[in-house]
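What follows draws every value from the coordinates through simple rules; no lab data is involved. Given the structure is predicted, the values throughout are model-derived calculations rather than measurements. Neighbour counts run over all protein chains shown; Cβ positions are idealised from the backbone, glycine included.
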Amino acid sequence: MSSQKTKIAAITGSTRKNSSNFKILKYISENIKQNFEVEIFEGLDQLPHFNPDLDIENPPKEITVFRDLISKADGVIICTPEYVFSLPGSLKNALEWCVSTTIFANKKTGLITASASGEKGHEQLMLIMKTLEAGFDNETQLLIQGIRGKIDGEGKITNEETEEALQNFIKNFENQFLD
């Protein structure tokens, strides 16, 4: 890696302040800060509802800012809960604003679903990101079930298997940038 830090856009799928997903992104950013500069996007709740008519020539400013964050990043990490066996609407909305672009095409991407169950939401996240042509594989995606019992209020991972899984995820995500 060069001396300049690699830029990572991290997106939390939860709009809850200090959510488990936000804490996981903070944990990852602390563990990769030596070589990576991580910016956590917490503005999903500020993005307007997707409207293809607004997407054509002059998308809303909030969307331009969101897309620029992704576009200028060397990689992206998304960490999301599952709501009612699906992605949170705010995350799906943000990703819908990216369909008409190529900003995720071959972008080195890490996908984490951390929720009570998370299986269906994780499947949907991977399908959507595959559709957006994001660059991820089995090594750079992770499902963490029962997250509330595996992380404390300060963001410390309290479950050994979960910490090991996150460390493997981090190693595999970092390895994408080693050429």
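Laid out as a table, the results:
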item: Point-to-point label distance, residue 83-residue 119, nm (Cα→Cβ direction, 7 Å offset); result: 2.3
item: Area projected by the alpha carbon convex hull of the range 72-157, averaged over all directions, nm²; result: 6.0
item: Length added when fully stretched, residue 99-residue 145, from 0.36 nm per residue minus Cα-Cα; result: 13.7 nm
item: Cβ-based charge dipole, the range 92-179, positive-most Cα from 172, 145, 134; result: 134
item: Long pairs among 26/61; 7/120; 107/171; 108/156, criterion Cα-Cα beyond 24 Å; result: 26/61; 7/120; 108/156
item: Principal axis dimensions, the chain - Cα atoms, whole angstrom, descending; result: 49, 42, 27
item: Computed P(r) (all Cα pairs; the range 1-86; 5 Å bins; percent); result: 3, 13, 20, 21, 19, 13, 7, 4, 0
item: Antiparallel content of DSSP bridges confined to the range 6-175, in %, to 5; result: 10
item: Cα→Cβ-extended label distance, 7 Å offset, between residue 159 and residue 17, nm; result: 2.7
item: The chain - mean residue ellipticity at 222 nm from DSSP helices (-39,500 (n - 2.57) per run, n ≥ 4, rounded to 500); result: -11000 deg cm²/dmol
item: Neighbourhood charge, 15 Å Cβ-Cβ cut-off, centred on residue 105 and excluding it, Lys, Arg +1 and Asp, Glu -1; result: +3
item: GNM result for the chain, Cα springs below 10 Å: residue of 58, 31, 21 fluctuating most strongly; result: 58
item: Between the range 131-148 and the range 16-84, the Cα center-to-center distance that results, in Å; result: 15
